[in-house]
Amino acid sequence: MSENNACGPLSGRRIALPETREAARLALMLQQHGAQTLSCPMVAIVDLADPAPALAWLRRFIERPFDDLVLLTGEGLRRLGGIARRAGIEAAWRGALRQPRRITRGPKPAQALRALGLAPDLRAEEPTTAGIIALLSQQDLRDHRVGVQLYPGAAPLLVDYLRGAGASPDPVVPYAYASQAEDEQVAALIDEMAAGRIDVIAFTSASQIRRLYDVARSSARDANLQEALRRTRVAAIGPVVSAELARHGVMPAITPSGSYFMKPMVSAIVAALSR
């Protein structure tokens, strides 16, 4: 874990960061407000050990573009592009992307599309899988071929819904999760929170929460984690993270309103701790 001191409204506050990919940027934003940040990156996103199933999905898509394409994460779209590039079919993949109706779950897949010069055709009002299903429930999906970009460990809820709606879903998981922090580091963070030495833990993905609970179980810290989350304010970047916390009986004390990015979450943390 790392710490940094600064001056500002969060001076003297200690904030734990399970983030991996943009950990430095998130830490800097908080440090600019005076916080001490403790980095404990819990989950890394890595390439698939066996990209063959994802590559086969890409080839099916290129040969006969889907009627609809559901994108749950921006990372997933970028990883599919990487697989296509390494296989020498990136131009064909980009061309095929222009054909289907593009449906996004939240702002990140929309951003990833814009980076390719494209835009979503439909966006879920609530950036969750339930929000996607609510959006799709207003559409006639009978006989539609639907590509579904999932994330590792995604529940079958969306694919099951599509089948029930008369569509033919074709799911793909284009990346994997790898544990980043050692178990001992995560266990130490649990102990710090249980001792009341952390003011906020800021979650930016549901996978971070699952990793935290996995380590608590494997290190016999289930009771410690309950105490830790009782004594520590929990910040969630958006509804997907809040829903995962709710699965464990935890209601986040801090969430941004209406915009689910790091900067609004930092603003929400500053507002909550400045009261």
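Brief remarks follow.
- What the phi angles of segment 258-269 give under the Karplus curve with 6.51, -1.76 and 1.60, with θ = phi - 60°, is a coupling list of x, 9, 9, 10, 5, 4, x, 5, 4, 4, 5, 5 Hz, glycine and proline written as x.
- Percent of Cα pairs exceeding the 19 Å cut-off, where the set is segment 52-174: 40 percent
- Taking the helices alone, the chain has a mean residue ellipticity at 222 nm of -13500 deg cm²/dmol, built from -39,500 (n - 2.57) per DSSP H run of at least 4 residues and averaged over all its residues.
- Here's the picture: charge each Lys and Arg Cβ at +1 and each Asp and Glu Cβ at -1 in the chain, and of 253, 156, 139 the one pushed furthest to the positive end of that dipole is 139.
- Here's how it looks for residue 38: its modeled amide H is under 5 Å from those of 15, 16, 17, which are all 5 or more places away or on a different chain.
- Mean shadow area of segment 174-266, taken as a quarter of the surface of its Cα convex hull (nm²): 6.3 nm²
- P(r) of the chain over all Cα-Cα pairs, binned every 5 Å from zero, in whole percent: 1, 6, 12, 16, 16, 14, 12, 10, 7, 5, 2, 0
- Listed residues 89, 201, 15, most fluctuating in the chain (Gaussian network, C-alpha, under 10 Å): 89
- Ratio Rg/Rh, restricted to segment 108-173 and using Cα atoms, in which Rh is the Kirkwood radius: 0.96
- Degrees, to the nearest 10: 183-194 long Cα axis against longest axis of the chain: 50 degrees
- For segment 220-275 and segment 151-179, distance of Cα centres in Å: 26 Å
- Using θ = phi - 60° in the Karplus curve 6.51 cos²θ - 1.76 cosθ + 1.60, the 3J(HN,Hα) couplings for segment 151-161 round to 10, x, x, 4, 5, x, 3, 5, 4, 4, 4 Hz; x is entered for Gly and Pro.
- Based on Cα contacts under 8 Å between residues 6+ apart, the chain shows a relative contact order of 20 percent.
Every read-out reported here was derived from the displayed coordinates using simple, explicitly stated rules and does not represent laboratory data. Note that this is a predicted model, so its numbers are computed, not measured. Cβ: placed from backbone, ideal geometry, glycine included. Neighbour counts: every protein chain shown.
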